[in-house]
Amino acid sequence: MACLLFGVFGLQSQECPNLISPYDGEEGVPVDAPIYWEDVDHPKFVGYLISLGTTPGGEDILKKRSAGVTSEFISPIGLPDDTTIYVTISMFIAGQDQVVCASQSFSTSDVVTPPDCTELNSTITPPPSIRGTFISWYYAYTATGYYLTVGTSEGSNDILDNFDVGNQLSFEILPALPEDTEIFVRVTPYNENGEASSCSSENFLSLAVTADVCSSYYNASQGGVIYPSPQLTFPDKVFICTTDPDRRFKVQDQADGARWFFINESGEETLVSSDLDVKFEQPGQYRLEAFNDLVTAVSTIECTSSKTFNVYVSEKPEIIAVDVEGNPENRRATISVSGSGDYEFSLDEFGDYRSFREFNGLGPAEQKIYVRDRNGCGTSIAVVPKVLSAADFPAFFTPNNDSSNDNWAFNPRDRKIAALVERIRIYDRYGRLLTMLMPDSKGWDGTYDGQLLPPSDYWFIAETISGDTIKGHFTLKQ
């Protein structure tokens, strides 16, 4: 076949493998024939995929089945008779894309007789916590399907009566077989020419229910461990919020039912709910008992799991006080709260929260501090109010009589801030008092004794109604 890929070690080529047996174009191939192809010799070869179909590149018989690094494949259920079968082999080389080789084909022989009988391979009877029983058998040459008859006595069919399971080699009987009972199984292969004749029954003893009925087990058909009992993940602590006393808690895990018990100080239990959810009326210790119903042929068994946990009361924080200290550019705020919860604090509603209730380095702007209950019962907001600072006063003015910014005046948009100022004194660079302004005045026009002062920096001291002072400077420009 043509060269399809290059290796990473120099210019090393690798051809797709040819079929060895059956060879490409071979006819009259038995339907149980294994398929062999040439080995791939490449230093970074990983493995093969094989697909079988009735058209070139087709996958209607087998779709991309891994063959590992072995250059052979045997169909566990045989191949269709009197059919041209196209084989498509894909190769994996480390560090390169998958290589899909051109299809090669062969033709199977025409089967003209019914198949022979087969035998049970194994009767999979794991612990009776399984809801069913798996029965498997060996492939019957030329068979394209199987009838399954199951009963509790020789020749009987009270469980399955000549049931067509299709072209497979195992079947799960649901519900589970009767416990501790002799079971008789007959598997009858068939194909387009008819069914096997006079196939005999085989028998085995089903397991009885034991104390391990609810134990976990491995289910081969599902490829994993099955847990008949609920796998509880209910938390160790649950909190009732005073703002939401009617909140109901439920079993989040897979369960058919549940029972909730209150445990008093003496250890006595009282049933409080038989539903999958519950409303807790009081704090204390509780026990959750969740169960799944395991249905067998003779009874229904509860497979239970239990979890003991505690219920506490919590609530949204109430802001009692916001104490602020320090100068406007470096304030410290301390938040006082009350409530039965476990509280944490943050300057960012969605940021990092901490247990400390003191915040340093706050500026003059208004600042919100978020206080939330760690138990999920709500968030409250404490507000550190804005305070006056030098930044609230004009940085310059231009007294050139153009009717724009001719006066230096304190006129903040927030009238509440304006009301905090009692008087403002303005000085030159030598400390000489030039004027004193009231908050509602038109401001300073840049003159002293009737003369316009030169461009320069000037200083102000604003006094507030609370006795604080704010100092700063501004520029007279022309």
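Each residue in region 319-337 was checked for being assigned to a loop (DSSP other than H, G, I, E, B) and either touching a His at 6+ places or on another chain (Cβ under 8 Å) or among the charged types (D, E, K, R) (or both), and 1 pass.
Suppose we keep only residues that are small (Gly, Ala, Ser) and more than 24 Å from SER338 (Cα to Cα) within region 373-401. Which one would you say is surrounded by the fewest Cβ atoms within 10 Å (Cβ to Cβ)? Ranking the qualifying residues of region 373-401, first place goes to ALA395. Taking region 349-371 as the range and being hydrophobic (A, V, I, L, M, F, W, C) and in contact (Cβ under 8 Å) with a residue 12 or more places away in the chain as the test, the residues that pass are PHE359, LEU362, ALA365, ILE369, VAL371.
The requirement of being at pLDDT 95 or above, within 12 Å of PRO230 (Cα to Cα) and not acidic (Asp, Glu) is fulfilled somewhere in region 266-288, by at least one residue. Within region 84-97, restricting attention to residues that are polar (S, T, N, Q) and without any contact (Cβ under 8 Å) to a residue 40 or more places away in the chain, the residue that is surrounded by the fewest Cβ atoms within 10 Å (Cβ to Cβ) is THR84.
Residues in region 448-472 that are assigned to a strand (DSSP E or B), touching a residue at least 24 places away in the same chain (Cβ under 8 Å) and not small (Gly, Ala, Ser): LEU452, ASP457, TYR458, TRP459, PHE460, ILE461, GLU463, THR464, ILE470, LYS471. What single numbered condition from (1) of a type in the set (S, T, N, Q); (2) more than 34 Å from the chain's Cα centre (by Cα); (3) part of a loop (DSSP other than H, G, I, E, B) fails to hold for SER340? With (1) of a type in the set (S, T, N, Q); (2) more than 34 Å from the chain's Cα centre (by Cα); (3) part of a loop (DSSP other than H, G, I, E, B) applied to SER340, the lone miss is (2).
One residue alone among LEU362, LEU347 is more than 30 Å from PRO235 (Cβ to Cβ), modelled with pLDDT of 90 or more, outside the structural domain of ARG247 (by TED's automatic domain parsing) and not acidic (Asp, Glu), and that residue is LEU362. Every test in (1) part of a loop (DSSP other than H, G, I, E, B); (2) free of Cβ contacts under 8 Å to residues at least 12 places away in the same chain; (3) under 30 Å from GLU325 (Cα atoms) is passed by ASN405 save one, and that test is (3). Is it the case that GLU358 is of a type outside the set (Lys, Arg), surrounded by fewer than 15 Cβ atoms within 10 Å (Cβ to Cβ) and out of contact with any strand residue (DSSP E or B) (no Cβ under 6 Å at 6 or more places or on another chain)? For GLU358, the condition - of a type outside the set (Lys, Arg), surrounded by fewer than 15 Cβ atoms within 10 Å (Cβ to Cβ) and out of contact with any strand residue (DSSP E or B) (no Cβ under 6 Å at 6 or more places or on another chain) - is not met.
The values are calculated or read from the model by the stated rules, or taken from the named source; none is laboratory data. Because the structure is a prediction, the values reported are computed rather than measured. Counting neighbours? That spans all protein chains shown, and the Cβs are built from the backbone with ideal geometry, glycine included.
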